[in-house]
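Participant: The structure that follows is given in the form of structure tokens.
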Amino acid sequence: MSVKPGLLTPEKIAENVDKYSTGLLNSDCASLTNTDPLAVPKTVRYLKKAGVKEKIVNRLSYRNALDVLKIR
């Protein structure tokens, strides 16, 4: 999931965390559109403050990437 200002925001992820819980957070800084290189850490901080379970935040920001890339 590419977190971008005006498109997919930390607020939208928090509101629909069940829908997005199997995804991976990224900031898509290679795009030519409006991006924020700090989108992932900002989203992680927002999700924690919004009360999203630590296990889900860890999955979105780290664990799911390990599974997809088969890193263990």
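Participant: Counting Lys +1, Arg +1, Asp -1, Glu -1, what net charge surrounds VAL44 among other residues with beta carbon under 12 Å of its beta carbon?
Facilitator: That works out to +4.
Participant: Ordered by residue, what ³J(HN,Hα) values in Hz, to whole numbers, does region 55-72 give under the Karplus form 6.51 cos²θ - 1.76 cosθ + 1.60, where θ = phi - 60° and Gly and Pro are x?
Facilitator: These are the phi-based 3J(HN,Hα) values: 4, 6, 4, 4, 5, 5, 9, 8, 4, 4, 5, 4, 5, 5, 8, 6, 9, 8 Hz.
Participant: Here's something else I'd like to know. At a threshold of 8 angstrom on Cα-Cα distance, excluding pairs fewer than six apart, so keeping six or more, what relative contact order does the chain reach in percent?
Facilitator: 34 percent
Participant: How big, in percent, is the set of alpha carbon pairs in the chain lying more than 20 Å apart? Before the final figure, lay out each step's value.
Facilitator: Numbers: 634 of 2556 pairs.
Every Cα pair in the chain considered, those over 20 Å come to 25 percent.
Participant: Right, another one. Counting Lys and Arg as +1 and Asp and Glu as -1, each charge on the Cβ, what is the dipole of region 1-59 about the Cα centre in debye, to the nearest 20?
Facilitator: 220 debye
Participant: Taking a cut-off of 16 Å between Cα atoms, list the aspartates and glutamates near LYS49, but don't count ones fewer than 8 places away on the same chain.
Facilitator: Straight-distance partners of LYS49: GLU11, GLU15.
Values in this text are rule-based calculations from the coordinates and carry no lab data. All figures in this text were calculated on a predicted structure; none of them were measured in a lab. All Cβ positions, glycine included, derive from the backbone under ideal geometry; neighbour counts span all protein chains shown.
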